[in-house]
Every structure is written in structure tokens, then in C-alpha cells.
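Data block below; observations after.
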Amino acid sequence: MSTKKTENSIRSAEKFKLEGEIIDSVPFGSGHINDTFKITTNSQLNNLYLLQRINHHIFQDVEGLMNNIESVCKHLKKKLAHLGEKEVLKRTMTIVPTKDQKNYYQDENGDYWRVFHLIPETRSYDILETQEQAYSGGMAFGQFQKQLSDLDPKTIVEILPNFHNIEFRLNNLREAIEKNPAKRVEKIQDLLDYIFEREEKMRTILELGRSNQLPLRITHNDTKFNNVLLDKDDKVQCVIDLDTVMPGYVAYDFGDAIRTIINSAAEDEADISKIVLNIPLFQSFTAGYLSEAKEFLTETEVDSLIPAVHLLPYMQAVRFLTDYINGDTYYKIAYPEHNLVRTKAQLKLVHELEVNNDKLTGILAENLMSN
């Protein structure tokens, strides 16, 4: 990252109520959306901070975004207050206010910045390595949902409207097919047939929600494993990256987490024969999730979990294929057919999930009985 960006980060960090004077700013983490820096001060107490420049092209309502995060963090801190202040700071994200008591700062260039306390002695993993980690990841997201289950969703802004709305995603696909700007539709008819054959089944969760059979809750909406901080023993510490926290259905969080951990190959694996299911990781994540979530989930919510496991890779395939038809205008690509390869990989995952549906359903049922 350039020296200019580092200098900008220090100037912006100086607008916040940090303890001590800034002595260092370095790029931090592996996120692709926001620019992130680790800020070190000379304070003897809290001397590590996380500074981020918010990507306001994606998150256009910065005030709503930051108010969402502040509301969620305050609620989580109340839930954990019995553990004591020191432990609460380890288990929740803490916003550092600006010197004029705001939760973000806008600089002279129109960029938006925020600061969190950096939680020490934690680690995250881009790739899940063990069943114990899978259990901790499931436990973390189940706990997160449980702790927020009594916070009114109406108090949280929908930052990315229709993010998990499959009807919206399929309409975008149909519009792309009709316009066919990159002249690619003719060679992918088999993939389109596969997608539209499953459309009715994939609308299950959306229809349950519309008929008020599924309660609207506050959900994370980006349940990658690297959004969980673990301690040195790989035990749950904190759920992070709260930008996408908004009203939704719990099944979406569960389904997206499974999408990212159950696939034995990369999301863009060109050899789809390598895409098989890692059933032990599914078992462990599900056990961890239900150990926390079972006490607040309704029967219909439980019934929606397996449909969501099918839905989320299907929805991602729809999004990749839409972008491919449109000429690769949304996702970054490494080569011309990258989005097509991604689509095929996700649809192979859907196929594997369908073949193993009874096995996955049985594992869920077993964990419901044992938790």
C-alpha cells in the first residue's frame, strides 16, 4: 500500500479519541472491501486500534451502516455485561468515537473513516482446517444470532437491499439474458436450464418469510469463517465484520457458512470433479451452531436450514452467471471465462448437496436431538 495512503490513515486516525500518540500505521488483514490499518500508539493501556476507510461506493448509507454497528455492539455488550468490562471488550467489537463524539469521520476528500479497538491475542483463518474450528465457527454464529434475537429488526437499516432475495437475483439474470450485452447466452443454455428448473424450490425461504412463517431477525449476512475471531485454543472469541448486519432470516447465515466450509475445492475450481462435500466439517459446524441457536429457533426456522444450504450456492451461481452474461462488470476476474468457471463450480456444489440431501438432513436431526 502506498506511502500516501499510510499518511492519509494517520491524519484520519488523529481525528479519533485514541489513548496516547500514534507511533505507527500499517496495512492490516485480508479484506477486499475496506482499506484497513493497524494503528499503534504509545499508550500503556489500550494501544492497538483498527482504522478502516469505508468503501462508500458499496456502503452508500454510511450513517445508517455505522448506526447499525453501534446498536448491535451496544446490545451485545449488555448481554455480556455479567462477564465484566475486561471480558466484554474481548468478546465484542468496540467503536472508538471521533473527538467530536461521532462514530465515523469524513475527510476533505469525501472518504469515510472509522476506528475500532483491536482485540488482542486472537486469530482468524481464511481456510477452515479442523473440525474443532468448524464447531467454534458454528457456535460463534449461533451465539451471535441468539444474543441479537431480542433486538427489534426495525431498528436496523437494510444496508444492502435484496442482498439474499433470490427473486431479485433471478430477475437480474433474466434481464441480462434479454439484453445479452456480451453475446454469451447462446453457449450457456444448459446452465440456464439447470438454474430455472430449480427456481420454484429455491424460493422456499423467501415464500415462508413473505407468509410470516419465518420471523425476521437481525443476521450477519457474511458468515465466512474468517469473520470469527478465535483465541489461542481455537475457542470462540468474537464475531467481526458487521457491515452487512441487517434484518434477514437465520437460514441465510447458516446456508452461506455451509457454502464456504463444505466445499472440498476452491470457489473457482475449474476441475469440477474435485468438488465433493466435506461432511465432517458440516457435522461439526452444525453441532456448534445448534448448541447455541436451538433454544431460540422456531420449528419452521429449523426446517429452513437445509433448504438454505442448497439456496446459497445456487444464488451465488446465479450472480456469477449474471455477471458473465453482462460482460464481467461486477466481480473481479483473473481471465475471460472466470465467472463461467465460478458458476459451474457452484452448480456442481448444488448437485453434490442434492445427492447428499438425506445425509445432511439426518445429521441436522441428530444434532437437534443431542443438543
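Values for this structure:
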| item | result |
| --- | --- |
| Filtered residue count, the stretch 175-202, keeping only those that are open to solvent by 50 Å² or more (accessible area, probe 1.4 Å) and either within 24 Å of the chain's Cα centre (by Cα) or over 28 Å from Leu305 (Cβ atoms) (or both) | 10 |
| Candidate set: the stretch 126-145, residues that are in a loop (DSSP other than H, G, I, E, B) and open to solvent by 60 Å² or more (accessible area, probe 1.4 Å); chosen: the one farthest from Met246 (Cα to Cα) | Glu129 |
| Of the criteria (1) open to solvent by 10 Å² or more (accessible area, probe 1.4 Å); (2) in contact (Cβ under 8 Å) with a residue 12 or more places away in the chain, which one Asn212 fails | (2) |
| Members of the stretch 242-264 found to be outside any helix (DSSP H, G or I) and in contact with a Lys or Arg (Cβ under 8 Å, 6 or more places away or on another chain), listed by number | Pro247, Gly248, Tyr249, Ser264 |
| Which numbered condition Val115 misses (of (1) touching a strand residue (DSSP E or B) at 6+ places or on another chain (Cβ under 9 Å); (2) open to solvent by 20 Å² or more (accessible area, probe 1.4 Å); (3) not in a helix (DSSP H, G or I)) | (2) |
| Glu121 vs. criteria open to solvent by 90 Å² or more (accessible area, probe 1.4 Å), in contact (Cβ under 8 Å) with a residue 60 or more places away in the chain, part of a helix (DSSP H, G or I) and of a type outside the set (Gly, Ala, Ser) | no |
| Some residue of the stretch 67-83 being touching a His at 6+ places or on another chain (Cβ under 9 Å), under 18 Å from Met246 (Cα atoms) and without any contact (Cβ under 8 Å) to a residue 60 or more places away in the chain | no |
| Residue that is farthest from Val355 (Cα to Cα), among those in the stretch 265-312 that are assigned to a helix (DSSP H, G or I) and hydroxyl-bearing (Ser, Thr, Tyr) | Ser291 |
| Count - residues of the stretch 37-66 that are in contact with an Asp or Glu (Cβ under 7 Å, 6 or more places away or on another chain), within 19 Å of Asn8 (Cα to Cα) and open to solvent by 30 Å² or more (accessible area, probe 1.4 Å) | 1 |
| Hits in the stretch 87-105 (condition: touching a residue at least 24 places away in the same chain (Cβ under 8 Å), open to solvent by 40 Å² or more (accessible area, probe 1.4 Å) and not in a loop (DSSP other than H, G, I, E, B)) | Leu89, Lys90, Arg91, Tyr105 |
| Among the residues listed as Lys344, Lys359, Lys348, the single one being more than 30 Å from Met139 (Cβ to Cβ) and either in contact with a Lys or Arg (Cβ under 7 Å, 6 or more places away or on another chain) or not small (Gly, Ala, Ser) (or both) | Lys344 |
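The values are calculated or read from the model by the stated rules, or taken from the named source; none is laboratory data. Predicted model only: the values in this text are computed from it and were never measured. Neighbour counts are summed over all protein chains in view; Cβ atoms, including those assigned to glycine, are modelled from backbone coordinates with ideal geometry. Surface areas here come from the heavy atoms of the whole protein model, side chains and all, with no ligands, DNA or RNA. Shrake-Rupley method; radii C 1.70, N 1.55, O 1.52, S 1.80 Å.
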